[in-house]
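Working notes, beginning with the structure itself.
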Amino acid sequence: MTDRWRGRSWCTLGDSITAANGFQPLLKEALGFASIRNEGRGGCSMTAGGDRDAGSTVRVGTAITECFDCVTIFAGTNDYRLNKPLGQLKPVGGPFDVFTFYGAYQTLIEHLLTLHPASRLNLWTPLQRDKDGYDMYHANEEGRLLADYADAVVAVGKVYALPVLDLYATSGFSKLTLDVFTSDRLHPNEAGHRRIADLAATFLRSM
């Protein structure tokens, strides 16, 4: 199983951290993916709505019609920063409200699993941050902490029996280390992308 991804296809969905294409080449080399499609959109949230609706992860992801062996969803920090409503976790099958974080996430998951049930869909929580006054202690205008969005990703994973890489809790990105792993206390630098790739390599091998 150590070569399970060799020759396989991988699609990454998310925000600017995904769009930067920092961790993907490292994982391609480590795991042997044959192709990677990067669908990250900078400055965009998982949740639909607002002036960045077209780039929201739910809109980008539900427009996908191709099948990939592996699909990673890595979103949440912009939902927190842009004050997107968390909403509520709903039963499988919907209906869902794509203008909430839970609803957008469930809509995307059900689209991808319906398109290709055998795909190894996996979810990554947002990293801790400390930028623009938004950190792990600051509630946004919805009264939500970044941890609430991270916990929502974990909860969604449980409902759909999907593996979750809890980067919020296990990455080592924290107030004390953000200057080491990021360029601006939010976006990973080279060392940060390597840290993500190191964790993700073990995670993806175990799937």
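Computed from the coordinates by the stated procedures, all read-outs in this text should not be read as laboratory data. The shown structure was predicted, so the numbers you read here are calculated from the model rather than taken from an experiment. Using ideal geometry, Cβ is built from the backbone for each residue, glycine included, and neighbour counts are taken over all protein chains shown.
At a glance:
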| item | result |
| --- | --- |
| Leading residue at positive end of dipole, the chain (Cβ point charges), from Gly157, Ser174, Cys44 | Gly157 |
| For the stretch 100-151, projected area of the alpha-carbon convex hull averaged over all directions, nm² | 4.3 nm² |
| Computed [θ] at 222 nm, deg cm²/dmol, the chain (DSSP H ≥ 4; -39,500 (n - 2.57); rounded to nearest 500) | -10500 deg cm²/dmol |
| In the stretch 5-99, the trypsin sites (Lys or Arg not before Pro) that fall in loop regions by DSSP, at most 13 other Cβ within 10 Å | Arg6 |
| Cα convex hull of the stretch 17-108 - mean projected area over all directions, nm² | 6.5 nm² |
| Length-normalised contact order of the chain in % [C-alpha pairs under 8 Å, at least 6 apart] | 20 percent |
| Alpha carbon centroid spacing (whole Å) that separates the stretch 3-54 from the stretch 125-168 | 19 Å |
| The stretch 9-205 - Rg (one decimal) and Dmax (whole number), Cα, Å | 15.4, 43 |
| Cleavage-rule hits, trypsin sites (Lys or Arg not before Pro), the stretch 178-207, DSSP coil, Cβ neighbours within 10 Å at most 14 | none |
| Which of Cys70, Cys44 has the fewest Cβ neighbours within 10 Å, and the rest in rising order | Cys70, Cys44 |
| Environment charge of Lys90, counting only residues whose C-beta is closer than 13 Å and scoring Lys/Arg +1, Asp/Glu -1 | -2 |
| Filter on Lys84/Lys158; Lys28/Lys84; Lys84/Lys131 - keep pairs with C-alpha separation over 24 Å | Lys28/Lys84 |
| Charge-dipole axis of the chain as Lys and Arg at +1 and Asp and Glu at -1 on Cβ define it, positive-most pick from Leu27, Ala54, Thr100 | Leu27 |
